[in-house]
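A quick write-up on the structure given underneath.
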Amino acid sequence: MTKPFSQACENNKNPILSVITAYLAQVESVLEVGSGTGQHSVHFAANLPHLQWHTSDRLVNHNGIKQWLDEAKLGNLHAPVELDLNRPWPINTVDAIYTANTLHIVSKPLVEQFFTGVNKHLASKGLVCIYGPFKYNGNFTSESNQRFDEFLNQQDCQSGIRDFEWVQQLAEQAGLMLVDDIAMPANNQLLIFKRH
């Protein structure tokens, strides 16, 4: 089986790492929700050796993630757990939760379930890092994001670029406050939330 590869992950892994490094300096354990190919987890675990990086995804993506992990052979990188946002999360408390390019793929009810899971499993003073495209005051940040949103809707009417204000509201309901909203390459954002 060919190891999965995402060019987008390859492009954005260093810009993301340059931001999250400072935020995760005092953190011990991170849960990555939706590890996808596994590229981010390998890159971040290799460059942040003080972290225990826990991968997760739906079962269908586990073989690909395991191929990246087996090749990397990192002691601080953990095999994926089966995490479906429709079901209870099979984990204990973690210091931080990271997710990239997930909120615009899953349905709105699953975005709400994501924050329910965050509320239940994030440690006190824990951090949440969310990477991806967002709309602000109902407006896209670029024409390419608008085209991407139309493409997502055609693939799945439940998918689409989310309103930042709605995501922030869900985060606040989960006991989080926005610490930073950082513009990233390719018209993406990195949102950093912290538990009150």
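The values are calculated or read from the model by the stated rules, or taken from the named source; none is laboratory data. Here the structure is a predicted model, which means the values were calculated and not measured. A quick note on method: Cβ atoms are made from the backbone with ideal geometry, for glycine too, and the neighbour counts reach across all protein chains shown. Remember, those area values only see protein heavy atoms, side chains included, never the ligands or the DNA or RNA. Shrake-Rupley method; radii C 1.70, N 1.55, O 1.52, S 1.80 Å.
For the range 20-39, residues that are surrounded by 24 or more Cβ atoms within 10 Å (Cβ to Cβ), on the phi < 0 side of the Ramachandran plot and part of a loop (DSSP other than H, G, I, E, B) total 1. Got at least one residue in the range 60-75 being at pLDDT 95 or above and in contact with a Lys or Arg (Cβ under 6 Å, 6 or more places away or on another chain)? Yes, because at least one residue in the range 60-75 is at pLDDT 95 or above and in contact with a Lys or Arg (Cβ under 6 Å, 6 or more places away or on another chain).
Scanning the range 1-19 for residues that are among the aliphatic types (A, V, I, L, M) and either crowded, with 16+ Cβ neighbours inside 10 Å or within 14 Å of residue 99 (Cα to Cα) (or both) turns up 16, 17, 19.
Once the range 138-156 is narrowed to residues that are in a loop (DSSP other than H, G, I, E, B) and within 21 Å of the chain's Cα centre (by Cα), the residue that is surrounded by the fewest Cβ atoms within 10 Å (Cβ to Cβ) is 156.
No other residue among 72, 79 is touching a helix residue (DSSP H, G or I) at 6+ places or on another chain (Cβ under 7 Å) and open to solvent by 60 Å² or more (accessible area, probe 1.4 Å) apart from 79. Pairs are defined by a Cβ separation below 8 Å, a sequence spacing of at least 6 or placement on different chains, a first member in the range 104-130 that is farther than 14 Å from residue 162 by Cα and touching a residue at least 12 places away in the same chain (Cβ under 8 Å), and a second member that is open to solvent by 70 Å² or more (accessible area, probe 1.4 Å) and among the basic types (Lys, Arg); the pairs so defined are 125/194; 126/194; 127/194; 128/194.
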